[in-house]
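Chemist: What follows is a structure written as structure tokens; I'll ask about it next.
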Amino acid sequence: MSADVRRAPHTRAVPRVRRVPRVLSIAGSDPSGGAGIQADLKSIAAVGGYGMSAITALTAQNTRGVRGVHVPPSAFLAEQLDAVADDITVDAVKIGMLANAEVIGVVAGWLRRIEPPIVVLDPVMVATSGDRLLDADAEAALRDLLPLADLITPNLLELAVLAGAERASTWPDAIAQAEAVSSATGARVLAKGGHLDGADAPDALVHAASGTVVSFGGARITSTGTHGTGCSLSSAIATLQAELGDWEAAVGEARRWLRESLRHGASLEVGGGHGPVSHFAGLWSRGGVRTAPTPDEIESEWWAGIADVRAAIDDLPFIRGLADGTLAREPFLGYLAQDALYLRDYARVLAEASRLAPDAAGQAFWANSAHGSLVGELELHADWLAGAHGPGAGDGEGPIDGGRTGTHGTSVDGPAASAASVADPLHAGATFAAEPDAATTAYLDHLLATAARGDYAVLAAAVLPCFWIYVDLGERLAAGEFGAQALDPGHPYASWLATYSDPAFAHATREAIGLVTRLAADATPERRAAMHRAFRISSEHERAFFAAPLALH
């Protein structure tokens with residue numbers, strides 16, 4: 001070979017590339033999808049790259065063998081290559097089947113002109129049967145192409161041809177042949193031991209210029225799904241090298257991916273011969289094959305999913321009486337007393353959500369909400385239950401105003417309760433409730449059990465209805481959707497209804513909805529389903545909580 005075409009190692013710095021490598025495969029096609037261009041594009045995508053292709057040959061083949069090959073004019077291959085390079089930055093190139101000397105010459109000329117930063121060459125020269133796939137002129141042209149590669153990935157038969165030796169029968173012989181080819185070309189060589197006998201299937205990354213041999217071990221994987229393994233591995237290495245910038249790391253990760261894909265190849269049940277590897281088996285098992293919904297989609301679906309619960313809340317006599325002012329004083333006070341009992345443990349649940357949150361924003365939001373429940377909300381409940389607010393305040397008669405805005409971290413003006421009332425907000429309302437009723441107990445049991453399981457996302461979903469249902473109800477009460485009486489300044493519960501529609505309450509609720517729906521969008525389908533179940537159960541507890549006061553009185 002000519003000395004002036006040998007590519008010296010490390011002569012070109014590898015530029016920093018985008019997070020998603022753009023990788024061009026120059027190879028033949030396989031209509032059965034297991035090898036060639038089709039395998040390359042799957043491999044590139046499977047390990048995180050964006051794949052492109054320039055087709056050197058069309059084959060008629062399946063898992064049993066090749067029936068025919070058609071080589072388009074080499075000028076058209078040149079057009080494909082230029083079309084890609086004129087528009088798209090190529091971060092890495094993988095080269096596979098090159099049918100003849102003319103095609104090889106086009107590729108070599110393009111590489112010299114474009115100088116892509118990474119070139120991985122899988123020299124398709126010898127069939128598994130041992131038959132030579134290239135004529136003498138093509139083999140000579142291919143040898144001149146080798147120095148333009150950064151990595152060469154021959155099988156044992158091809159390695160022997162390149163080294164001018166007999167097929168290696170031992171792993172040390174294979175390593176020696178790889179060293180010879182690396183020394184002659186300046187490229188790294190990946191020696192592959194898959195065709196050796198024995199229980200192991202080792203590989204080694206050989207680089208004569210630096211005198212390094214990096215070995216990769218692994219037990220042999222018995223599988224009929226081995227079609228296109230060489231194509232797949234070389235494409236994955238090119239992609240990962242563009243991302244990682246480290247040959248040893250790229251080969252190691254590509255091997256892990258390929259071995260996983262090999263183990264699952266037979267499960268595809270493709271063809272009656274040697275089927276393909278399952279390129280996306282790992283992605284399917286870890287990430288699923290269904291598109292995750294967006295946060296906006298989750299918000300719409302979850303809200304629509306509790307339409308029956310929301311309609312049932314609207315129809316409750318407690319809500320209707322609250323809206324038109326006919327609700328009696330005693331069930332309202334009973335409701336406030338139960339709400340105060342609820343808030344003591346609810347604050348603990350919010351504090352646990354803050355502890356479990358993985359980011360500062362979530363930690364701060366839930367902590368502020370817990371603080372609001374204890375400092376703002378319980379003080380107000382104690383004050384209201386003592387009769388300090390509302391018509392008849394101070395004489396023990398008339399309705400008493402209350403609210404739950406403090407639950408959501410907002411501040412509510414009003415006289416502060418005494419230290420004793422904060423410690424025991426029900427001291428003034430003991431006439432109405434000394435212990436949580438069945439509805440309050442069931443709701444708290446659900447929230448506390450969810451918190452104890454330690455799944456932050458599910459816990460966040462479980463507390464969301466306390467925000468969302470309340471703000472929706474308050475906004476519609478304030479808008480007069482339940483009747484004009486709720487808008488009358490003389491309404492007996494006017495100040496309490498005002499706390500329902502507090503803008504800060506609505507803002508905090510919007511923040512809670514966004515936080516939870518983003519968590520759900522990022523979750524696995526199974527975890528998202530668990531979140532939705534917790535959300536639905538809490539919504540049903542909200543309905544029971546509103547229904548309980550009149551049921552008890």
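Chemist: Between residue 79 and residue 364, what length comes free when the chain is fully extended (0.36 nm per residue of separation minus the Cα-Cα distance, one decimal in nm)?
Modeler: 96.8 nm
Chemist: Run through segment 243-331 and list the trypsin sites (Lys or Arg not before Pro) located in a DSSP loop whose Cβ has at most 13 other Cβ atoms within 10 Å.
Modeler: When the trypsin sites (Lys or Arg not before Pro) of segment 243-331 are filtered for loop state and at most 13 Cβ neighbours within 10 Å, 290 remain.
Chemist: Using 0.36 nm per residue of separation minus the Cα-Cα distance, give me the extension gain between residue 248 and residue 267 in nm, one decimal.
Modeler: 3.8 nm
Chemist: Also, quick follow-up: If each of residue 445 and residue 292 carries a label point 7 Å out from its Cα toward its Cβ, how far apart are those two points in nm?
Modeler: 3.5
Chemist: Another question about this same structure. Quick check for you: which residues of segment 455-475 have the amide N under 18 Å from the point 7 Å beyond the Cα of residue 307 toward its beta carbon?
Modeler: Flagged as within label range: 469, 472-473.
Chemist: Something else: For segment 454-497, which whole-number percentage of the solvent-accessible area (1.4 Å probe, protein heavy atoms only) is attributable to carbon and sulfur atoms?
Modeler: Carbon and sulfur together cover 54 percent of it.
Chemist: Hey, another quick one. How large a share of the accessible area of segment 219-367, in percent, is made up of carbon and sulfur atoms when the probe is 1.4 Å and the other protein chains stay in place?
Modeler: It is 51 percent, rounded to a whole number.
Chemist: Taking K and R as +1 and D and E as -1, what net charge do the other residues with C-beta under 13 Å from the C-beta of residue 56 add up to?
Modeler: Result for the local shell: -4.
Chemist: Enter the Cα centre distance for the pair segment 33-60 and segment 475-499, rounded to the nearest angstrom.
Modeler: Centre-to-centre distance over Cα atoms comes out at 65 Å.
Chemist: Can you give me the Cα centroid spacing of segment 63-96 and segment 225-303 in angstrom?
Modeler: 23
Chemist: Estimate the FRET efficiency between residue 86 and residue 435 by the formula 1/(1 + (r/R0)^6), using the beta-carbon distance for r and 51 Å for R0, to the nearest 0.05. Walk me through the numbers on the way to the answer.
Modeler: Numbers: r = 78 Å, r/R0 = 1.53.
Using R0 = 51 Å, I get an efficiency of 0.05.
Chemist: Taking only protein heavy atoms and a 1.4 Å probe, what accessible area per residue, in Å², does segment 42-191 have with all protein chains in place? Present the calculation step by step, with values, prior to reporting the outcome.
Modeler: On the way: 6060 Å² over 150 residues.
Result: 40 Å² of accessible area for each residue.
Chemist: Can I ask one more? For segment 82-213, with all protein chains present and a 1.4 Å probe, just round the carbon and sulfur fraction of the accessible area to a whole percent. Provide the component values of the computation, followed by the final result.
Modeler: Values: 2450 of 5070 Å².
The value for segment 82-213 is 48 percent carbon and sulfur by accessible area.
The values are calculated or read from the model by the stated rules, or taken from the named source; none is laboratory data. Note that the structure is predicted; figures quoted are calculated from it, not measured. Heads up, the Cβs are rebuilt from the backbone with ideal geometry, glycines too, and the neighbour counts pull from every protein chain shown. SASA here: full protein model, heavy atoms, side chains in, ligands and nucleic acids out. Shrake-Rupley method; radii C 1.70, N 1.55, O 1.52, S 1.80 Å.
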